[in-house]
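The next block holds one structure in the form of structure tokens; read it before the comments.
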Amino acid sequence: MNPLIIEATDETPRVKLDPESGIFEFTGNSYPENSVKFYTPIINWLKEFTQTYNKKNISIEFNFDYFNTSSAKFILEILRIIQDYYDKGNECVVRWYYLEDDTDMYEQGEDYQSTTTVPFQIIERIDASAN
């Protein structure tokens, strides 16, 4: 299975889904004009991965600066796919990064954390551009 890499735009995150390393990254903004069109290939890739791989440790890393409501639905769908994979005995961890003063993003992480039993870490990151 090939990695799925989508470069970031102003409205869409950088996505790197690497089946060999088991690291799946989402970085940047997510407010695509058409969320279904953007996220459908990602959802399909993840479904194929979880059906193809067994006993592969994975790490999902969400490092969003901003995302809109339609993207939030797809983030939840991604977490559901990972939950199913975890429930089958696979090791998974979700890492949710938020900017040090971004209480909204922190609370979003808490909300998502409450929807899953997958180990979930909420990690503060420092804004290097603030210096």
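The values are calculated or read from the model by the stated rules, or taken from the named source; none is laboratory data. Remember, it's a predicted structure, so these values are computed and weren't measured experimentally. Every residue, glycine as well, gets a Cβ built from its backbone with ideal geometry; the counts of neighbours run over all protein chains shown.
The figures follow:
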| quantity | calculated |
| --- | --- |
| Selection count where residues are over 19 Å from Tyr97 (Cβ atoms), touching a residue at least 24 places away in the same chain (Cβ under 8 Å) and not aliphatic (A, V, I, L, M), scope region 1-38 | 4 |
| Residues of region 82-111 that turn out to be of a type in the set (Phe, Trp, Tyr), touching a residue at least 24 places away in the same chain (Cβ under 8 Å) and part of a helix (DSSP H, G or I), as a count | 2 |
| Meets criteria (more than 17 Å from Gly28 (Cα to Cα) and modelled with pLDDT of 95 or more) for Thr116 | yes |
| Residue that is farthest from Met1 (Cα to Cα) [pool: residues in region 14-64 that are part of a helix (DSSP H, G or I) and of a type in the set (Val, Ile, Thr)] | Val36 |
| Test: residue in region 84-98 that is within 14 Å of the chain's Cα centre (by Cα), more than 18 Å from Val118 (Cα to Cα) and surrounded by 15 or more Cβ atoms within 10 Å (Cβ to Cβ) | yes |
| Complete set of residues in region 29-45 that are buried (at least 16 other Cβ atoms within 10 Å of the Cβ) and either hydroxyl-bearing (Ser, Thr, Tyr) or under 11 Å from the mean Cα position of the chain (by Cα) (or both) | Ser30, Tyr31, Ser35, Tyr39, Ile42 |
| Residue tally, condition surrounded by fewer than 12 Cβ atoms within 10 Å (Cβ to Cβ) and either without any contact (Cβ under 8 Å) to a residue 12 or more places away in the chain or in a strand (DSSP E or B) (or both), over region 112-122 | 1 |
